[in-house]
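Engineer: Sharing a structure, written as structure tokens. Questions coming.
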Amino acid sequence: MQFKKTALSWGIALATPLFLAACGGDNNKTPASQASAEKNFNRIAVYPVCMQTDATCNSDDATAAEIVAASTDGMTLVYTDSPRAQLGFVDITNPAAPTGLGVLPLVGEPTSVAVKGDYALVGVNTSSDFVSVSGLLVVVDIATRSIVHSIDVGGQPDSVAVSPDGSYAAVVIENERDEDLNDGALPQMPAGKLVIVQLSGEPADWTSNSVDLTGLADLYPTDPEPEFVDINANNIAVVSMQENNHIVLVNLADGSIVTEFSAGSVELSGIDTSKDGMINQNASLDAVLREPDGVSWLSTDYFVTANEGDLDGGSRSFSVFNTAGEVVYEAGNTLDQLTARIGHYPESRSGKKGNEPENAEFGVFGEDKLLFVNSERASVVFVYDVADFTKPVFKQVLPAGVGPEGALAIPARNLLIAASEEDDRGAAIRSGLNIYQYGTAAASYPTIVSKDRDDGSPISWGALSGLSADPSDSTLVYAVDDSYYKKNRIFTLDVSLQPGVIAAETYIVDSNDVLASLPLGTLPGGAVNDDKTVNIDPEGIVKLADGDFWIASEGKGNQIDGPVASRNVLINTDADGVIQKAVTLPAAVNLLQRKNGFEGVAEYEGKLYVAFQRAWQNEDAVRIGIYDIAAESWSFLFYPLDAPESQHGGWVGLSEITALGGGEFVVIERDNQGGPDAVIKRLYKFDTTGLAEDAMVSKTLVRDVLPDMKATGGLVTEKIEGLALLANGDLLMVNDNDGVDDSNGETQLMNLGKLF
């Protein structure tokens, strides 16, 4: 972004109360970070692994990058692709322009990969079912991408690690439970174990032995379910047993168990525990089992666990333990609250495990000791300064693809890799390798953060579906959230800061029973709550010079070929969000309704201009509705949409309209595609001067914003839905992150500069 005023940035603002609050609890009282305040990670590229199948990802086949490792020179990434039973290779000689090197088919499901010299060691699950378990440690020559040896590990491998000195590999044999058998209750045989491989000589000479893990945990002692392993410089392996809520330290030299202990539980407060369409972080949970997944050594004395949870728990946090089993740091509710602050909180997971920390990685970048924690459901990577291992200090947060699983630090090249495993072309989600670089550039993400409410919790937000500039103050814009959330709100953003700050939230309320007087079926059932807040579908907003707002609420359903659940409505509120008036379309137009209705609203000379998203029944062009506020009358123009150009087909529609003055307007025209399939992300303007009713407007391309969206280093997001022309002439654009549901949660607020 290029805001005129850049007094604050995410990194610098760590010294202010606003961003210290993001760390929460006692973490606010830690000493100043010792990591360089001038250095940050920024995403420089994403490699969609579907490109290994087709150069443009023109394939519906699901593929995934789950766990990632790198060659010893850090130039080649090796990743596991479970859905396609293959190992993938990517050249990152130029990390900003990664290139696929091809794939290697395997005889089963690859679950993990680590590197020993010239070789990739791949855990491969060859089990036929949950009882008849089998698996291999497959040794692959990275240069030739060929299998040179295989070792039978006697069960289903789930995690592979190689010791820093290259002497040992540790392979976790999970022998995972069948979640459909007795609701996944344990025990379920066969039991898991740890396999130690001595890496002396050539791969054919390597030998292995097993470590029995039964009888250790208090929970399900006969059925250990080891999940993840990491090895420190003393060749001590730390093994997480997720469902058992247990941690085991093993001496790889002789296979002896050094110590073992429960991962324990936490008391959680300030979290959301209900999947109800609202982010209310005011609930508590008692004695929540940590149930750690990923583990990573910070030193020979301390290690960190990512507490994803599984069978009986999940504390939404990460913890730092010492080797005596004592918890020296607990993140508590801070990750959940931080994701709410940056628009990444997964509300649909509130009733389960919140943001679900999945994995942890540690790296020393120069003199900076840094911890990375992947959040599976929020699709971000948290970065912490751990100069003091007992007092992690939040540094920054990075956007990732959906479901970041594997994490890999490559300090020698100032790189961080996160492998995002979720892949669903129909939902515009592609699995990929996210590449971040550590340098002196200011942190580019997040682009929006929020202040605290009076109760100390952050203003939660997401699914921003419309923008409007303040008529006189070029530092303020207003946004709305759409129907993904209940109790819709108007947000006030201070865009003089970088990132932009949501400084206030205003609930839309029907105190005067305006909506209650609308004809039955105009709004969906339950549109007005007991406290008079409303559940509508705000898709556009405009603030008038008198301080009032007009909000475009989109209808749902088709008049002709499907039931109509609600109509498209213009709603007028005062500055406090109290509804003053509601306006519906003429009856004849309602009879043509399609589900893609109101998407944006603008005001010019006492008239509201409403962009419909797509053409309605039996119409060839999309409507621009014009509502004369004083005369209370409707008229219409028509807008010609571009034809779809995506290799994936789809449709093209309007997402926003903004007044430029002099009868001119700018609109967002976009396809419903994301990632490699995205083509049409464009701004057009048109002039309404002298046009007769029902005339077709003539449009002029203002800017193709696809390059702007690609410049973020990530995959192109589908839904750009907000534009605001500031009083100083700058044009802002924002995307809708769909409430972090079928989305990576990324919100990019961009300043496109002065285009008019």
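Engineer: Computing the accessible area with a 1.4 Å probe over protein heavy atoms, can you report the carbon and sulfur percentage for the chain?
Structural biologist: Solvent-exposed carbon and sulfur of the chain make up 46 percent of the total.
Engineer: With the crude spin-label approximation of a point 7 Å out along Cα→Cβ, what separation in nm comes out for residue 61 versus residue 645?
Structural biologist: According to this spin-label approximation, the distance is 2.9 nm.
Engineer: Once the whole set of protein chains is in place, how much accessible area is left on residue 189, using a 1.4 Å probe, in Å² to the nearest 10?
Structural biologist: 100
Engineer: For a quick check: with amide H placed at 1.01 Å from N, whose amide H comes under 5 Å from residue 263's, ignoring anything fewer than 5 positions away on the same chain?
Structural biologist: Hits under the 5 Å cutoff: 246, 247.
Engineer: Hey, rough spin-label estimate for residue 146 and residue 97, points 7 angstrom out along Cα→Cβ, what's it come to in nanometres?
Structural biologist: 3.1
Engineer: Would you tally the net charge around residue 414, using a Cβ to Cβ cut-off of less than 11 Å, leaving residue 414 out, and scoring K and R as +1, D and E as -1?
Structural biologist: +1
Engineer: Let me ask something additional. Counting only helical runs of four or more DSSP H residues, what would the 222 nm mean residue ellipticity of the chain come to if each run contributes -39,500 (n - 2.57) and the total is spread over all its residues?
Structural biologist: The helix contribution divided over the chain gives -500 deg cm²/dmol.
Engineer: Roughly how far apart, in whole Å, are the Cα centres of the stretch 708-732 and the stretch 558-572?
Structural biologist: Centre-to-centre distance over Cα atoms comes out at 29 Å.
Engineer: Something else about it: Taking amide H positions as placed 1.01 Å from N in the peptide plane, with prolines and chain starts having none, which residues 5 or more places from residue 528, or on another chain, fall under 5 Å of its amide H?
Structural biologist: For residue 528, the qualifying residues are 535.
Engineer: When the label point is put 7 Å from the Cα of residue 706 along its Cα-to-beta-carbon vector, which residues of the stretch 598-634 have a backbone N closer than 15 Å?
Structural biologist: No residue passes the distance filter.
Engineer: In vacuum, with every alpha carbon of the stretch 90-192 counted as one equal point scatterer, what does the Debye formula give for log10 I(q)/I(0) at q = 0.14 Å⁻¹? Two decimals, please.
Structural biologist: At q = 0.14 Å⁻¹ the computed log10 ratios are -0.62.
Engineer: Normalising by the residue count of the chain, find the relative contact order in percent from Cα pairs under 8 Å and 6+ residues apart.
Structural biologist: The normalised contact order for the chain reaches 10 percent.
Engineer: Additional query: Can you give the extra length, in nm with one decimal, that the chain gains between residue 36 and residue 210 once fully stretched, where that is 0.36 nm per residue apart less the Cα-Cα distance?
Structural biologist: Additional length available on full extension: 58.3 nm.
Engineer: For the stretch 427-435, in order, what is each residue's ³J(HN,Hα) by Karplus, 6.51 cos²θ - 1.76 cosθ + 1.60 with θ = phi - 60°, in whole Hz (x at glycine and Pro)?
Structural biologist: Calculated HN-Hα couplings, in order: 9, 6, 10, 10, 5, x, 9, 8, 10 Hz.
Engineer: Rank-order 322-332, 557-567 by packing density, defined as the average count of other C-beta atoms within 10 Å over each peptide's residues, highest first.
Structural biologist: So the order, starting with the most tightly packed, is 322-332, 557-567.
Engineer: Follow-up question, since we're still on this one. Under the rule of at least 5 residues apart or a separate chain, name every residue whose amide H is placed under 5 Å from the amide H of residue 365.
Structural biologist: 370
Engineer: In sequence order, what are the phi-derived ³J(HN,Hα) couplings for the stretch 48-62 according to the Karplus relation 6.51 cos²θ - 1.76 cosθ + 1.60 with θ = phi - 60°, rounded to whole Hz, with x for glycine and proline?
Structural biologist: x, 6, 5, 5, 6, 8, 8, 4, 10, 6, 7, 8, 8, 4, 6
Engineer: I need the shape label for the stretch 360-474. Rule: rounded when a/c is under 1.5, else prolate if a/b > b/c, else oblate, with a, b, c from the alpha carbon gyration tensor.
Structural biologist: Since a/c reaches 1.5 but b/c is at least a/b, the shape of the stretch 360-474 is classed as oblate.
Engineer: Related question: With unit charges on the beta carbons (Lys and Arg positive, Asp and Glu negative) and the dipole taken about the Cα centre of the chain, which residue among 433, 409, 492 sits farthest to the positive side?
Structural biologist: 492
Engineer: A further question on this structure: What distance in nm separates the two pseudo spin-label positions at residue 754 and residue 364, each 7 Å out from Cα along the beta-carbon direction?
Structural biologist: The two pseudo-label positions are separated by 5.1 nm.
Engineer: Multiply the residue gap between residue 617 and residue 544 by 0.36 nm, knock off their C-alpha separation, and tell me the result in nm, one decimal place.
Structural biologist: Extra length available between residue 617 and residue 544 comes to 23.1 nm.
Engineer: Another question about this same structure. Starting from the residue with the highest accessible area, list 482, 152, 165 in decreasing order, probe 1.4 Å.
Structural biologist: My answer, sorted largest first, is 152, 165, 482.
Engineer: Next question. Kindly sort 544, 137, 755 by accessible area of their heavy atoms, largest first, with the probe set to 1.4 Å.
Structural biologist: 755, 544, 137
Engineer: Please give the residues of the stretch 186-217, grouped as numeric ranges, whose backbone N is less than 14 Å from a label point set 7 Å along the Cα-to-Cβ vector of residue 254.
Structural biologist: Of the residues in the stretch 186-217, none has backbone N under 14 Å from the label point off residue 254.
Engineer: Once the piece of chain linking residue 322 and residue 129 is laid out straight, how much longer is it, given 0.36 nm per residue of separation minus the C-alpha distance between them?
Structural biologist: Fully extending the segment from residue 322 to residue 129 adds 65.7 nm.
Engineer: Turning to a different aspect of this structure: For residue 149, what accessible area in Å² do you get when you roll a 1.4 Å probe over the heavy atoms of the protein chains, rounding to the nearest 10?
Structural biologist: Residue 149 has an accessible surface of roughly 50 Å² with all protein chains in place.
Engineer: So I have [x] 228; [y] 181; [z] 152, and one of them is volume of the Cα convex hull per residue in Å³ calculated from this model. Which one is it?
Structural biologist: Only one listed value fits the structure, namely [z].
Engineer: How much accessible area per residue does the stretch 198-354 have, counting only protein heavy atoms and a probe of 1.4 Å, in square angstrom?
Structural biologist: 32
Engineer: With charges set only on the Cβ (+1 for Lys and Arg, -1 for Asp and Glu), what does the dipole of the stretch 392-534 come to about its Cα centre, in debye to the nearest 20?
Structural biologist: Roughly 480 debye, rounded to the nearest 20.
Engineer: Hey, what's the stretch 440-506 come to in accessible area per residue, 1.4 Å probe, Å²?
Structural biologist: That works out to 29 Å² per residue.
Engineer: Ordered by residue, what ³J(HN,Hα) values in Hz, to whole numbers, does the stretch 318-329 give under the Karplus form 6.51 cos²θ - 1.76 cosθ + 1.60, where θ = phi - 60° and Gly and Pro are x?
Structural biologist: 3J(HN,Hα) across the stretch 318-329, in whole Hz: 10, 9, 10, 10, 9, 6, 8, x, 8, 7, 9, 7.
Engineer: Can you pull the accessible area of residue 59 for me, 1.4 Å probe, Å² to the nearest 10?
Structural biologist: It works out to around 20 Å².
Engineer: Quote the charge dipole size of the chain about the Cα centre in Debye, to the nearest 20; the model charges only the Cβ of Lys and Arg (+1) and of Asp and Glu (-1).
Structural biologist: 2000
Engineer: While we're on this one: When ligands, DNA and RNA are left out and all protein chains stay put, how many square angstrom of accessible area per residue does the stretch 29-176 have with a 1.4 Å probe?
Structural biologist: 37
The values are calculated or read from the model by the stated rules, or taken from the named source; none is laboratory data. Computed from a predicted model, the values in this text were never measured in an experiment. Every residue, glycine as well, gets a Cβ built from its backbone with ideal geometry; the counts of neighbours run over all protein chains shown. Each accessible area value is taken on the protein alone, full model and side chains, heavy atoms only, with ligands, DNA and RNA left out. Shrake-Rupley method; radii C 1.70, N 1.55, O 1.52, S 1.80 Å.
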